[in-house]
Amino acid sequence: MRSISFVLNYLLPVAYLAVVVVYYRIFFHKQKELEQKTTIILSSLLVVHFFEISIRHLALNTIPLSNAFDSLSFLGFSILVVYLIIELTIKNKGTGLFILSFAFVTIFISAFNHQWQKETNALLSSPTFAIHASLTLIGYTALALSAIFAVLYIMQNRNMKSRRFGIIYDQLPAINYLERMSIRSVAIGIILLGVGILLGHWQAAKILDSYWPLDVKVIVSDIIWVVYLITYIFARLLKWRGRWMAYLAVSGFILLVAGSLAVVLLSESFHKFY
């Protein structure tokens with residue numbers, strides 16, 4: 001298993017780079033024949049990456065987040081998962097070059113810091129905790145992508161108003177697509193993060209005898225999720241669209257990053273594993 005994992009670990013950056021090249025040709029050269037193959041290409045890459053993660057999990061009895069570089073690899077996987085869902089549901093490939101380039105960078109950094117060490121922490125060997133941590137990270141990734149789509153929306157909207165048209169403007173999706181991508185990403189993030197947090201509270205009850213442990217990271221995560229959920233519901237009820245939704249997505253992500261940095265820099269948490 002170790003040999004297979006090492007081979008896949010070094011093949012993954014090559015595969016992600018190949019996908020980026022495909023989307024580069026779609027973005028700048030409008031190659032229709034490639035556009036028709038992206039779903040199978042991304043799905044195949046997703047299966048291969050999931051296989052590599054599964055091998056490590058089975059062999060080392062750990063989650064794919066037990067060290068910093070495993071976390072980077074799983075972050076790339078999370079970006080791929082969320083982007084594939086967005087592309088399949090929105091039917092637009094215009095942002096793939098930018099989003100998947102982020103995934104390639106995380107996979108590239110992770111690949112050259114590959115570690116093979118059996119997990120000794122009982123908590124990190126728990127399947128429930130593995131699902132909790134994985135869903136939480138994918139949820140956070142979806143919220144981050146929502147902010148990226150929102151920034152692209154704001155840029156496109158300003159270009160339209162100032163009549164600044166160029167190659168990037170021409171190739172990016174129309175603002176209505178970017179708006180839908182941002183909103184869809186928020187919805188995905190709220191659902192996955194919510195399930196991940198729920199599993200985390202259930203795990204806390206089993207280990208710490210409390211569904212609501214007084215841990216700063218838990219409290220901040222709960223607050224961020226509630227803020228996103230309430231804002232999303234109000235936005236849908238009050239029909240906030242366009243720039244309002246874009247600014248809300250960016251503001252929400254800034255809140256998320258600020259809260260996460262505050263937890264890491266200013267407090268101790270039982271969530272620290274490496």
Would you mind stating whether Val250 is out of contact with any strand residue (DSSP E or B) (no Cβ under 6 Å at 6 or more places or on another chain) and crowded, with 16+ Cβ neighbours inside 10 Å? yes
Kindly indicate whether Val19 is surrounded by 20 or more Cβ atoms within 10 Å (Cβ to Cβ) and among the β-branched types (Val, Ile, Thr). yes
With within 19 Å of Leu72 (Cβ to Cβ) and not small (Gly, Ala, Ser) as the only criterion, which of Tyr16, Tyr24 stands out? Tyr16
Taking Val186 and the conditions (1) more than 25 Å from Tyr228 (Cα to Cα); (2) modelled with pLDDT of 90 or more, which numbered condition does it fall short on, given that it satisfies the others? (1)
Given the conditions (1) out of contact with any Pro (no Cβ under 6 Å at 6 or more places or on another chain); (2) crowded, with 17+ Cβ neighbours inside 10 Å, report the number of the one that Ile107 does not fulfil. (1)
If you go through region 127-137 one residue at a time, do you hit one that is part of a loop (DSSP other than H, G, I, E, B), small (Gly, Ala, Ser) and modelled with pLDDT under 90? no
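The values are calculated or read from the model by the stated rules, or taken from the named source; none is laboratory data. Since this is a predicted model, take the numbers as computed values, not measurements. Quick reminder, even Gly has a Cβ in these numbers, built from the backbone with ideal geometry, and neighbours come from all protein chains shown.
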